1. Of the residues that make up region 367-376, is at least one of a type outside the set (Gly, Ala, Ser), assigned to a loop (DSSP other than H, G, I, E, B) and exposed (fewer than 15 other Cβ atoms within 10 Å of the Cβ)?
2. Would you check if there is a residue in region 81-98 being at pLDDT below 90, of a type in the set (Val, Ile, Thr) and more than 30 Å from residue 352 (Cβ to Cβ)?
3. Please determine whether any residue of region 110-129 is assigned to a helix (DSSP H, G or I) and among the basic types (Lys, Arg).
4. Of the residues 356, 306, 297, 263, which single one is assigned to a loop (DSSP other than H, G, I, E, B) and surrounded by 17 or more Cβ atoms within 10 Å (Cβ to Cβ)?
5. For region 120-148, enumerate the residues that are of a type in the set (A, V, I, L, M, F, W, C) and open to solvent by less than 40 Å² (accessible area, probe 1.4 Å).
6. Just for region 229-260: of the residues that are open to solvent by less than 50 Å² (accessible area, probe 1.4 Å) and over 17 Å from the mean Cα position of the chain (by Cα), which one is farthest from residue 159 (Cα to Cα)?
7. Select from region 399-424 the residues that are open to solvent by less than 40 Å² (accessible area, probe 1.4 Å) and among the hydrophobic types (A, V, I, L, M, F, W, C) and list them in ascending order.
8. What are the residues in region 163-184 that are part of a loop (DSSP other than H, G, I, E, B) and open to solvent by 60 Å² or more (accessible area, probe 1.4 Å), if any?
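The values are calculated or read from the model by the stated rules, or taken from the named source; none is laboratory data. Model, not experiment: these values are computed from the prediction. We place every Cβ from the backbone using ideal geometry, glycine too, and count neighbours over all the protein chains shown. Ligands, DNA and RNA are stripped out before the accessible areas are found, and what is left, the full protein with its side chains, is counted by its heavy atoms. Shrake-Rupley method; radii C 1.70, N 1.55, O 1.52, S 1.80 Å.
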Amino acid sequence: MIDPKLVREHIEILEEGLKKRGATFDTGRLVEIGEKRRSLIQESEKMKNEKNALSDEIAKTRKTGATPPEKIEHLKSLGKTISSVEDDLKRIEKEWEDILLVIPNLPHESVPVGTTDEDNRVVKTWGEKPSFDFDPMAHWDIGEKLDILDFKRAAKITGSRFTLYKSYGALLERSLINFMLDLHTREHGYTEILPPFMVNREAMTGTGQLPKFEEELFRLEGLDYFLIPTAEVPVTNIYSNEILKEEELPVKFVAYTPCFRKEAGAHGKDTRGLTRQHQFNKVELVKFAHPDSSYNELEELLLDAEDVLKRLNIHYRVSLLCSGDIGFSSAKTYDIEVWLPGQNIYREISSCSNFESFQARRAKIRYRKSGGKIEFLHTLNGSGLAIGRTVMAIMENFQTKEGFIIVPEALRPYMHGITLIPSA
């Protein structure tokens, strides 16, 4: 949620930020509701003060003699008027909050202005594209040939955009999860979390998925619970409605979870293979940071996610997303894009974002400064990494002419020493 002070004091900053995003919004209506809200709050407080003073006066007169009936009638009238004003205030407060909840975060000043992913800026690359003396295959062909990915039977069990991992495919997926969790906990300083895979409406609202993106979520019929689209939701909400100590920051969590997404806006797009699934596994990095250091924490978060690909020796690039391509809740986002030779494209494998105080305001996550003042902290997260997309990157980058897969050296301890899929 944006800082409401922007509406009162710096509406031009809000309008400029929304313009950079390419978002159209009726700020005039927002200002109008804000002014009405403040007016009702002031009116209510004024009448409550008058009612309290009159109640005290009446209490005193009852001890000394009869109370003038007109004062008693005025007290009753004040009570009814206050009740009416507070009913109006509740209605205006709801409209005010409903509007604030659908306003996206404002881009950081370092974010390039643009409208599509073509305006994103590549800021670094690592490694070299592999060279082959044969035409490399896409991972879905390799997986079916080796009988380690079964898309047809998964569709029979559930439907399209699900995958059945088999044998070394299942082992590779599990090995990557353990490898990433060990790396982030043992070397990068994160605390491991295993959260619930279902969350309530408040949690989804706190991180920005609701109310705007409800059509993209899987909701449980008969319960107001949602299957998580990412571990960001339950892990960020660990501290909802809580106040941390300043000296505790930054707090760093890592979590493995399955993720569930309808991909409602992606019909006919990237439907083959592991790219865009309704269910997939992911290792997520989440930080709670001091506002003064959150952008340094973002750079460190990015390096932690990159380190996974460096250890696996897979070529990638990092793009700084433009203002029109960053997510709803983000103020600044880097995408790590892995090279897929079987498809001859780069594919996003991690998004690392600083949300500043946007999620913290929605979820009421604060910290107490050393002097006692309470403020909103900054939240950050990033994939460290998406498991399915890492599987397809390994399959395509380490394929052999015979259609086998060389296991990256860093993964071999987790793969029982296997160096080649299928194992000899």
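1. Yes, region 367-376 contains a residue that is of a type outside the set (Gly, Ala, Ser), assigned to a loop (DSSP other than H, G, I, E, B) and exposed (fewer than 15 other Cβ atoms within 10 Å of the Cβ).
2. The answer is no; no qualifying residue exists.
3. no
4. None of the others qualify; the one that does is 356.
5. 138, 140, 142, 146, 148
6. Ranking the candidates gives 246 first.
7. Answer for region 399-424, where residues must be open to solvent by less than 40 Å² (accessible area, probe 1.4 Å) and among the hydrophobic types (A, V, I, L, M, F, W, C): 405, 407, 410, 411, 415, 418, 421.
8. 167
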